[in-house]
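Participant: Below you will find the structure I want to go over with you.
The values are calculated or read from the model by the stated rules, or taken from the named source; none is laboratory data. It should be emphasised that the depicted structure is a prediction, and the values quoted were computed from it without experimental measurement. Positions of Cβ are backbone-derived with ideal geometry, glycine not excepted, and every protein chain shown enters the neighbour counts.
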């Protein structure tokens with residue numbers, strides 16, 4: 001081993017890349033910190049002077065296992081044979097491993113990885129969701145991925161469904177009656193479509209007569225809009241809570257429109273028709289009965 005190799009610092013970026021590639025699930029700060037804790041627990045359980053033993057299929061160890069004469073077959077080795085194989089000496093990955101990696105260090109390293117992937121215009125992108133980081137294929141390769149998986153193109157949401165989703169996102173928890181009062185049209189079909197797509201979910205019942213169902217967004221909605229939390233949704237004067245409350249109040253107590261509000265001329269109609277004046281009729285005396 002050269003002096004340059006021995007002085008090489010621990011490469012957190014490379015380790016995080018390996019962890020990202022090893023799972024299809026989002027990788028959170030807690031997951032990464034647990035992995036480092038397990039690493040040190042396993043290192044403490046090893047005999048003195050022994051390092052971590054790579055698993056089958058990794059690097060030089062896989063080649064040694066694949067040598068002719070392996071007891072249990074090609075690529076397999078007994079536990080005793082694995083214990084006798086010296087650990088790979090890779091100080092960049094296994095030497096001076098910190099006992100604790102802070103959330104700040106993880107976030108800064110993940111940001112650097114994401115920037116590097118974007119700069120390289122690679123087929124992968126690193127995205128962060130509410131559950132953690134994950135590697136995803138660039139959208140421009142989506143058609144090839146669908147062809148490989150024999151999947152149909154994704155269904156697009158209609159404009160009414162998008163409007164309903166926006167009301168749920170900014171108002172939640174919200175009932176169907178409130179959505180219909182805001183949009184002015186029936187919302188049952190849109191709600192059912194959003195429930196099927198798992199973009200919204202039933203969160204409870206409102207303290208109103210009949211206890212109507214309330215709806216809210218899901219974690220799939222955050223991934224759909226590319227946000228880590230609802231706080232990242234853009235501010236909207238149109239869909240603010242204050243504006244929506246005003247709409248609901250007006251919907252419950254509609255204002256009666258008069259002629260002026262409708263743009264009609266204001267005319268004063270008489271309460272009763274006046275009788276035109278005519279010539280005076282002389283009074284006739286009633287006959288006197290003898």
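Participant: Could you go through region 165-175 and let me know if any residue there is farther than 24 Å from residue 223 by Cα, assigned by TED's automatic domain parsing to the domain that holds residue 225, without any contact (Cβ under 8 Å) to a residue 60 or more places away in the chain and not in a strand (DSSP E or B).
Facilitator: No, every residue in region 165-175 fails to be farther than 24 Å from residue 223 by Cα, assigned by TED's automatic domain parsing to the domain that holds residue 225, without any contact (Cβ under 8 Å) to a residue 60 or more places away in the chain and not in a strand (DSSP E or B).
Participant: Out of the residues in region 190-220 meeting the condition of being in contact (Cβ under 8 Å) with a residue 24 or more places away in the chain and in a helix (DSSP H, G or I), tell me which one is surrounded by the most Cβ atoms within 10 Å (Cβ to Cβ).
Facilitator: 190
Participant: Can you give me the number of residues within region 221-230 that are exposed (fewer than 11 other Cβ atoms within 10 Å of the Cβ) and at pLDDT below 80?
Facilitator: Residues flagged as exposed (fewer than 11 other Cβ atoms within 10 Å of the Cβ) and at pLDDT below 80 within region 221-230 amount to 1.
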